[in-house]
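To keep things clear, I will list the structure first and then write my remarks on it.
The values are calculated or read from the model by the stated rules, or taken from the named source; none is laboratory data. Please read all numbers here as calculations on a predicted model, not as lab measurements. Every residue, glycine as well, gets a Cβ built from its backbone with ideal geometry; the counts of neighbours run over all protein chains shown.
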Amino acid sequence: MNYNQPVIDSEPHKKVKTFRPDDSVADENFLYTDTRIYSPDLELLRKNRIVSALTHNNWLESFKMLRTRTLQIMDERGWNTLAITSPNDDSGNSLTAVNLAISMAMELDRTVLLVDANFKNPSVHTLLGINSTLGLGDYLLHNTPLSEMLINPDIPRLVILPAGKPMLNSTEMLRSPKMINFVNEVKSRYPSRIIIFDIPPLLTQVDALSFSPYVDCVLLVIEEGRTKKEDLQHAATLLKDVKLIGTVYNKSNEKKIKYSQ
């Protein structure tokens, strides 16, 4: 089975799996209800450098280190919402968001919700090979039930909420009362759950800056050889009133990423 073959209620020969967020997250046998489950195409995941499909290497270990340090900081302060952005396009913040979410879900005492909040250029579903046209934008605009859009990529303790179809009024959507209520709801309902938002780059869209005050903290991804010093300084200035927990130095070579606080 690949990502284009979901397990859904309409397939009578399939057992509908169930997710109960209030179940013990340490139980590896917990089930998913009302959440579509897609089995991964491992070759696509390897091609996209998704850690769940990688064998032991420096790339995988780097994300474990990033996970450990990020969770330490968030736990110390009682935080559970994190936005990941970058100064410019194509710096790897979406890839970082996906891999960090998977790494955190590997912790037996955590559940993770990864939300693609980049409405203009959504890519989380592409990285994971998910074929879905519905997402967060449909919830905000059309009241589509979230249960119809949540996806488990066959990884325990991880749920994905895609962005849906690209939209032009993304800034208004991210600042809308319904979006703010959504963030507050997922923050408060399950204390052990980490919510990661993949948001647009700071310097190409105003979306990231308008949304960042609603989350507990922000992680900034920069790219070796492409992120200019002045862009990084500009991004730091824009984030001066935001709790920036660290910087990921991405694409420093083919094998690893670097993290600095």
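Would you be able to say whether some residue in region 179-191 is charged (D, E, K, R), touching a residue at least 60 places away in the same chain (Cβ under 8 Å) and out of contact with any Lys or Arg (no Cβ under 8 Å at 6 or more places or on another chain)?
Yes.
Does region 156-170 contain at least one residue that is closer than 25 Å to A236 by Cβ and touching a residue at least 24 places away in the same chain (Cβ under 8 Å)?
yes
Going by the structure shown, is V242 aliphatic (A, V, I, L, M), in a helix (DSSP H, G or I), surrounded by fewer than 21 Cβ atoms within 10 Å (Cβ to Cβ) and at pLDDT 85 or above?
no
State whether the residues of region 116-123 include one that is outside any loop (DSSP other than H, G, I, E, B) and touching a residue at least 40 places away in the same chain (Cβ under 8 Å).
The answer is yes, given that some residue of region 116-123 is outside any loop (DSSP other than H, G, I, E, B) and touching a residue at least 40 places away in the same chain (Cβ under 8 Å).
Quickly run through region 98-115 and pick out the residues that are in a helix (DSSP H, G or I) and in contact with a helix residue (DSSP H, G or I) (Cβ under 8 Å, 6 or more places away or on another chain).
V98, N99, L100, I102, S103, M104
Is there a residue being surrounded by fewer than 18 Cβ atoms within 10 Å (Cβ to Cβ), part of a loop (DSSP other than H, G, I, E, B), without any contact (Cβ under 8 Å) to a residue 24 or more places away in the chain and at positive phi anywhere in region 127-144?
Yes, because at least one residue in region 127-144 is surrounded by fewer than 18 Cβ atoms within 10 Å (Cβ to Cβ), part of a loop (DSSP other than H, G, I, E, B), without any contact (Cβ under 8 Å) to a residue 24 or more places away in the chain and at positive phi.
Looking at (1) in a helix (DSSP H, G or I); (2) farther than 17 Å from S123 by Cβ; (3) touching a residue at least 60 places away in the same chain (Cβ under 8 Å), which is the one condition that is false for L45?
Every listed condition holds for L45 apart from (2).
Looking at (1) closer than 17 Å to P166 by Cβ; (2) without any contact (Cβ under 8 Å) to a residue 60 or more places away in the chain; (3) surrounded by 24 or more Cβ atoms within 10 Å (Cβ to Cβ), which is the one condition that is false for N99?
Only one criterion in (1) closer than 17 Å to P166 by Cβ; (2) without any contact (Cβ under 8 Å) to a residue 60 or more places away in the chain; (3) surrounded by 24 or more Cβ atoms within 10 Å (Cβ to Cβ) is unmet by N99, namely (1).
Among (1) part of a helix (DSSP H, G or I); (2) farther than 24 Å from S62 by Cβ, there is one condition D231 misses while meeting the rest; what is its number?
Single failed check for D231: (2).
Pairs please, first residue from region 201-230 and β-branched (V, I, T), second anywhere and part of a loop (DSSP other than H, G, I, E, B) and buried (at least 22 other Cβ atoms within 10 Å of the Cβ), Cβ atoms under 8 Å, 6+ apart in sequence or on different chains.
Pairs that qualify, where the first residue is β-branched (V, I, T) and the partner is part of a loop (DSSP other than H, G, I, E, B) and buried (at least 22 other Cβ atoms within 10 Å of the Cβ), are V221/S86; V221/S91; I222/S86; I222/P87; I222/S91; T227/S86; T227/P87; T227/S91.
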